[in-house]
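Q: Just passing along the structure, written as structure tokens.
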Amino acid sequence: MDEPRYGKTMKSKGGLARLLNALKYTWHGLRAAAKHEQAFKQELIAVLPLSITAWFLPGVPPLEKALLFGVLQLILVVELINSAIEANTDHITMERHPLAKRAKDMGSAAVFLTILVATATWAAVIWTRFF
């Protein structure tokens, strides 16, 4: 069965053009988060220096450095998803609604749990390598 015309216009073209568009959309998303999302800005301020630090820790094997770096990036990934949920919820309605609150609270919980995972990972690596 053929897709509706609207569906065909929304499909990706593929190839190099698709890759370039994806990179452009990624850049726009990161810029929007850095400009409009206070939580993302705060996490970026913590994550950037720690990300650099992760690669220069003496006595830490490369795999553990990658783990330390990765859990920090995961915080930003989950924050981006949380911000997207919040923006979409606000786009649909600015009225208070129990389902909107639930969606936003769940996104916030996901960010919090990701920060706990990152903190536990850093604590475990630092403890085992330096104490």
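Rule-based calculations on the coordinates, nothing more; no lab input. Computed from a prediction, not measured in an experiment: that's the story for all the values here. Cβ: placed from backbone, ideal geometry, glycine included. Neighbour counts: every protein chain shown.
Q: For each of Glu64, Glu43, Glu95, count neighbouring Cβ atoms within 10 Å of the residue's Cβ, then give the residues from fewest to most.
A: The most exposed by this proxy come first: Glu95, Glu64, Glu43.
Q: Residue by residue, what Karplus-based ³J(HN,Hα) values in Hz, rounded to whole numbers, does region 16-27 have, using 6.51, -1.76 and 1.60 with θ = phi - 60° and x for Gly and Pro?
A: 5, 4, 5, 4, 5, 5, 4, 5, 5, 5, 4, 4
Q: For helix 98-130, report the angle its Cα long axis makes with the longest principal axis of the Cα atoms of the chain; keep it between 0 and 90° and round to the nearest 10°.
A: The angle comes out near 30 degrees.
Q: Per residue of the chain, what 222 nm ellipticity follows from adding -39500 (n - 2.57) for every DSSP H run with n ≥ 4, rounded to the nearest 500?
A: Taking each H run of at least 4 residues, the total per residue is -29500 deg cm²/dmol.
Q: While we're looking at this one, here's another question. Given charges of +1 on the Cβ of Lys and Arg and -1 on the Cβ of Asp and Glu, with all other atoms neutral, how large is the dipole of the chain about its Cα centre, in debye to the nearest 20?
A: 400
Q: Check each of the trypsin sites (Lys or Arg not before Pro) in region 13-80 and keep only those in coil by DSSP with at most 13 other C-beta atoms within 10 angstrom; list them in order.
A: Answer by residue number: Lys13.
Q: Still on this structure, please answer the following. Can you give the FRET efficiency to the nearest 0.05 for His36 and Asp105, using r as the Cβ-Cβ distance and R₀ = 22 Å?
A: E(calc), rounded to 0.05, equals 0.65.
Q: Could I ask something else about it? What FRET efficiency comes out for the pair His91/Leu20, r = Cβ-Cβ distance, R0 = 35 Å, nearest 0.05?
A: 0.85
Q: Here is a further query. Helix 38-56 versus the longest principal axis of the chain: what is the Cα-based angle in degrees, 0 to 90, to the nearest 10?
A: 40
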